[in-house]
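Below you'll find the structure, written out as structure tokens, and then a few comments.
The values are calculated or read from the model by the stated rules, or taken from the named source; none is laboratory data. All of these numbers come straight from a predicted model, not from anything done at the bench. Neighbour counts are summed over all protein chains in view; Cβ atoms, including those assigned to glycine, are modelled from backbone coordinates with ideal geometry. SASA here: full protein model, heavy atoms, side chains in, ligands and nucleic acids out. Shrake-Rupley method; radii C 1.70, N 1.55, O 1.52, S 1.80 Å.
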Amino acid sequence: MVCAAALRPSRHLSRVAVALLVAVGSLAANSRPLRAQSGEVVIKSPQAILMDADSGGILFQRNADELVPPARMSKLMLLIMIFNALRAGEITPETEIMMSEYAWRTGGAPSRTSAMFVPLGKTAKVDEMLKGIIVQSGNDASIAMAERLGGSERKFAEAMTEQARRLGFKKSVFRNATGLYHPDHLSTIRELALMARILIRDYAEYYPLFAQREFNYRQHQFFNRNPLLGAVAGVDGLKTGYVKESGYGIVASAKVDNRRLIMVIGGAASPEDRKDDGRRLLEWGFKNFSEVRLFEPGEIVGHARVWGGERMYMPLTGNDGVNMVLPRFPANQKLSARIFYKGPLKPPIKKGEQVATLRVTSSTDATNEVPLFASEDVQKAGFTRRGLDSLLYFATGWMR
């Protein structure tokens, strides 16, 4: 059972309300333009999301959970798998990868798709294959790596889907390693943004590859397909995509003054719209949002109901404090702050254990979530107290 509780009616609720009202600007969701006191940004793309990389807070979203063909952007999951294999020692940067006939025909020169042009029957090192995938988006390199790690592209695609579920991605389904169109090869703008966040956060040693502007292989010279590299301040990744069934898309990230944003655009009508929408969203996000401290370390944020414990309510804190990314400019904006947890909480509960989440949502669907932790130990109560709590639970479903 998932329980939701408003912040306890205390000075803490007032503090959150004041902090949010002081910080908040104007957002819009779905098809409305984003507006702020300092200006307005309008995007044409039917799917979009703008995420704060550190907190995971959503600054803007439009149809972010709609399943769409992700095209080459799905190679982000392929790269997560390759980086995992490198870490596990299954391969090294010097490992030679064979270009099979299937990989060559399906993703190489005969396919007339984006290719690294490794000759049939020849090998290339993993380090070269990675640059071929990231810079050139080579489908032949992608399939060859899938065959090396999974035995076949089909089996590797199944492993990609399984890995997606382990990472918490509930919707993405992969049918190939390339992103070439398949009716069942689908993802969402939100999950693509989360893949980018994993690559940035968990594979920092490999992430600089996404900023590489060009790559020379044999007689070929490849240039990074990301149109925002060098065109928008701070952009250092990640991947573009196009299939006619879903239009033009891009996953991009930029870091400015120690703040990093992740932006995904989907369904753009043209490469120009994709580039313009991406630039507008990133620049708007950096200009109009900043981090706000809502609660200090150890300060009580709210309470969660406990079943069968020595006390009925568990005080919750943000441990290192509660910071959220919110609009800079004041405006008439309604926000709600709620605490969510899987209930009933059952003792014993140890101090510092994560037991709940604080979610702040604006009237225009911008959201921030932070974990909340038990501020003290709670031990199991005696038989009589547990019995009374059980009666209360079945009679009322908890009184909050």
### Query
Tell me, in nm to one decimal, what length is gained between Tyr102 and Arg166 on full extension, where the rule is 0.36 nm per residue of separation less the Cα-Cα distance?
20.1 nm
#### Entry: P(r), alpha carbons of segment 155-215 - 10 Å bins starting at zero, rounded %
20, 45, 31, 4
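Set the Förster radius R0 to 25 Å, insert the Cβ-Cβ distance between Asp320 and Lys380 as r into 1/(1 + (r/R0)^6), and round the FRET efficiency to 0.05.
Values: r = 29 Å, r/R0 = 1.15.
That gives a FRET efficiency of 0.30.
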### Query
When the accessible area of segment 249-299 is computed with all protein chains present and a 1.4 Å probe, what percentage of it is carbon and sulfur?
43 percent
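Probe of 1.4 angstrom, ligands and nucleic acids ignored: what's the accessible area per residue over segment 55-168, in square angstrom?
On the way: 4310 Å² over 114 residues.
I get 38 Å² per residue for this part.
What are the semi-axes of the equivalent ellipsoid for segment 251-377, taken as the square roots of 5 times the Cα gyration tensor eigenvalues, largest first, in whole Å?
Numbers: eigenvalues 274, 46, 37 Å².
Working from the Cα gyration tensor, I get semi-axes of 37, 15, 14 Å.
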### Query
How many nm separate the modelled label positions at His220 and Val42, each set 7 Å beyond the Cα in the direction of the Cβ?
4.1 nm
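Would you kindly state how much longer the chain becomes between Lys255 and Phe340 on full extension, computed as 0.36 nm times their sequence separation minus their alpha carbon distance, in nm to one decimal? Don't jump to the answer; show the numbers that get you there.
Working: separation 85, 0.36 × 85 = 30.60 nm, distance 3.09 nm.
Here the answer is 27.5 nm.
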### Task
Compute the Rg/Rh shape ratio of segment 172-299: radius of gyration over Kirkwood radius, all on alpha-carbon atoms.
1.01
### Task
First measure r as the distance between the Cβ atoms of Tyr181 and Arg293, then evaluate 1/(1 + (r/R0)^6) with R0 = 45 Å and state the FRET efficiency to the nearest 0.05.
0.45
